[in-house]
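Below is one structure, written out as structure tokens, with a few remarks after it.
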Amino acid sequence: MDTAIHNEPDIDVPRSVTVLGATGSIGKSTLDVLVRHRDRFTVETLTAHRNVDLLAAQARELGADHAVIADSRLYEPLKRALAGTKTTVSAGVDALAEVGHRPADIVVAGIVGAAGLKPVLNAVARGAIVAFANKECLVSAGDLMVRKVQEAGATLLPVDSEHSAIFQVFDFARADKISRIVLTASGGPFRTRERQALAGITPAEAVAHPNWDMGAKISVDSATMMNKGLELIEAFHLFPVEESQIDILVHPESVIHSMVDYVDGSVLAQLGAPDMRTPIAYALAWPGRIETAAPRLALEEVGKLTFEPADPERFPALRLAREALCQGGDAPTVLNAANEVAVHWFLEKNLGFLEITDVVEQVLERMERRSLNDLDDVFASDAEARRLAEEIASNSVG
Ligand code: NAD
Ligand code: MG
């Protein structure tokens with residue numbers, strides 16, 4: 001991405017914000033930042049999948065103009081819950097996609113999975129600022145999404161903590177002076193376990209992340225390290241570097257959120273307590289800064305920072321994601337879709353922990369690579385990969 005697509009907004013006037021996925025972990029952290037800065041931000045639209053009660057409470061508290069529930073069966077309950085307020089209501093996947101067309105200055109992309117793609121692309125198409133957490137969209141639609149951002153003059157600001165860190169220390173005007181970027185990884189809850197010891201892991205163990213409090217899907221992705229694989233692909237699209245210039249380093253304390261290594265030997269990093277309100281606030285206020293309630297980093301309490309290499313043998317998701325990025329075409333789309341299905345089967349339907357990446361690998365092997373010329377190609381590869389992943393997962397569970 002070049003500097004031309006980071007168009008600096010006027011941050012002295014109040015700006016309107018839409019939060020896609022308001023009821024999730026990113027959504028709640030975003031609202032925590034917004035309520036502290038009611039003078040700077042108004043709320044345009046809030047969306048959720050099924051949590052009517054929380055969505056309605058949020059819309060009331062922030063005086064949202066509009067609220068959308070993606071599950072169309074929940075229109076009436078949401079309408080009732082917001083009766084007597086100024087908040088208008090809509091429901092269903094088309095209504096969710098339409099949110100992107102509404103006139104918010106900033107759209108926070110906080111939905112989990114490729115389900116967030118349509119509203120994000122609609123926001124991009126009208127040149128909005130997108131504060132971007134929903135990494136699956138960028139993994140799935142990749143170059144096509146970046147091209148749409150550039151064509152529309154939209155601005156994509158990373159929220160993922162690693163990419164926010166890199167964005168804060170990346171000299172876009174001198175990208176040729178950057179030798180590599182280093183994504184740090186906590187290593188997840190099973191960092192020190194042998195691979196065989198991972199076979200019987202339960203969903204409850206997998207979602208208990210040591211440093212971050214996140215939604216179930218990304219927590220499982222952190223445990224398999226697919227999260228870092230997806231972030232590798234995300235970084236490739238967000239920053240003007242080659243695949244070979246993106247390294248992954250395990251850093252269990254999650255204090256250094258990522259680093260940029262310059263040709264003269266300087267390494268610039270961004271540090272902070274592991275709290276998503278910091279990168280969310282950075283994206284909302286960019287190019288300014290605003291206060292948050294995130295804990296302050298006290299390095300004297302942390303004591304020491306440790307680092308170790310990432311291990312693609314024990315965590316094959318790292319290898320699969322890098323291979324998918326190198327292969328190109330629809331490989332990242334397929335990787336992401338198969339992973340979404342496999343994680344769902346792990347969380348809901350007894351698929352084994354080690355089978356998650358097995359399913360992804362088999363889907364990648366069995367599907368012939370296609371090139372992605374437009375979004376219909378993305379949706380077709382995504383659908384085919386989901387169908388095949390369902391089939392393989394159901395056979396694995398027996
Ligand atoms: P979450 O599960 O806590 O929340 C997901 C949100 O999306 C909820 O509001 C839910 O209602 C909505 N949603 C889910 N499925 C939907 C569907 N099919 N249609 C419409 N809405 C739907 O997830 P999260 O942890 O907040 O993660 C959101 C995104 O941010 C993910 O892409 C994740 O990888 C990324 N991210 C999260 C964190 C974190 O700390 N939680 C950090 C970095 C990146
Ligand atoms: Mg991250």
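The values are calculated or read from the model by the stated rules, or taken from the named source; none is laboratory data. Being a predicted model, the structure only gives us computed values, none of them experimental. Using ideal geometry, Cβ is built from the backbone for each residue, glycine included, and neighbour counts are taken over all protein chains shown. Ligands, DNA and RNA are stripped out before the accessible areas are found, and what is left, the full protein with its side chains, is counted by its heavy atoms. Shrake-Rupley method; radii C 1.70, N 1.55, O 1.52, S 1.80 Å.
Based on Cβ point charges of +1 for Lys and Arg and -1 for Asp and Glu, what charge dipole magnitude is obtained for the stretch 328-398 about its Cα centre, in debye rounded to the nearest 20?
Dipole of the stretch 328-398, to the nearest 20 debye: 140 debye.
Please work out the average accessible area per residue across the stretch 15-159, using the 1.4 Å probe convention, and give it in Å².
Ligands and nucleic acids excluded, the result is 37 Å² per residue.
Please give the FRET efficiency for E242 paired with E8, using the beta carbon to beta carbon distance and R0 = 30 Å, rounded to the nearest 0.05.
Here the calculated transfer efficiency is 0.65.
Using 20 Å as the cut-off for backbone N distance, which residues of the stretch 184-218 belong to the label zone defined by a point 7 Å from the Cα of L354 along Cα→Cβ?
188-207
Can you say what percent of the DSSP beta bridges in the chain, counting only those with both residues inside, are antiparallel? Round to 5.
Looking only at bridges with both residues in the chain, the antiparallel portion is about 30 percent.
In whole Hz, with x marking every Gly and Pro, tabulate ³J(HN,Hα) for the stretch 99-112 from phi via Karplus 6.51 cos²θ - 1.76 cosθ + 1.60, θ = phi - 60°.
Result, ordered by residue: 3, x, 7, 5, x, 6, 5, 10, 10, 8, 8, x, 7, 9 Hz.
Under Stokes-Einstein, with the Kirkwood radius over Cα pairs standing in for Rh, what whole-number D in µm²/s applies to the stretch 15-159 at 20 °C and 1.002 mPa s?
145
Scan around A70 for amide H atoms under 5 Å from its own, H built in the peptide plane at 1.01 Å from N, and keep only partners 5 or more places away or cross-chain.
A48, H49, G92
In whole angstrom, note down how far apart the Cα centers of the stretch 347-378 and the stretch 45-60 are.
31
Using amide H atoms built 1.01 Å from N in the peptide plane, name the residues 5+ places from I129, or on other chains, whose amide H lies under 5 Å from its own.
Result for I129 returns V107, T155.
Name the helices (complete DSSP H segments) of the chain with a Cα length along the long axis of 30 Å or more and a Kyte-Doolittle mean of at least -0.5, or state none.
375-397
How big is the charge dipole of the chain about its Cα centre, in debye rounded to the nearest 20, if each Lys and Arg gets +1 on its Cβ and each Asp and Glu gets -1 on its Cβ?
960
In square angstrom, what is the accessible area per residue of the stretch 328-398 with a 1.4 angstrom probe?
43
What percentage of all Cα-Cα pairs in the stretch 328-398 are separated by more than 22 Å?
18
Among G265, G63, G329, which one shows the highest mean-square fluctuation when the chain is modelled as a Gaussian network with alpha-carbon springs under 10 Å?
The residue that fluctuates most here is G265.
Can you pull the three principal axis extents for the Cα set of the stretch 268-364, in Å, largest first?
The Cα atoms of the stretch 268-364 stretch 45, 31, 31 Å along their principal axes.
Roughly how many debye, to the nearest 20, is the charge dipole of the stretch 15-159 about its Cα centre, given +1 on each Lys and Arg Cβ, -1 on each Asp and Glu Cβ, and no other charges?
It works out to roughly 160 debye.
In nm², what is the average projected area of the convex hull enclosing the Cα atoms of the chain?
Average projection, Cα convex hull of the chain: 19.0 nm².
Write down the Å³ per residue value for the convex hull defined by the alpha carbon atoms of the stretch 168-311.
Hull volume over Cα atoms, normalised by residue count, gives 137 Å³.
Considering only the stretch 63-207, what is the antiparallel percent among its DSSP beta bridges, to the nearest 5?
Bridges in the stretch 63-207 that DSSP calls antiparallel: roughly 0 percent.
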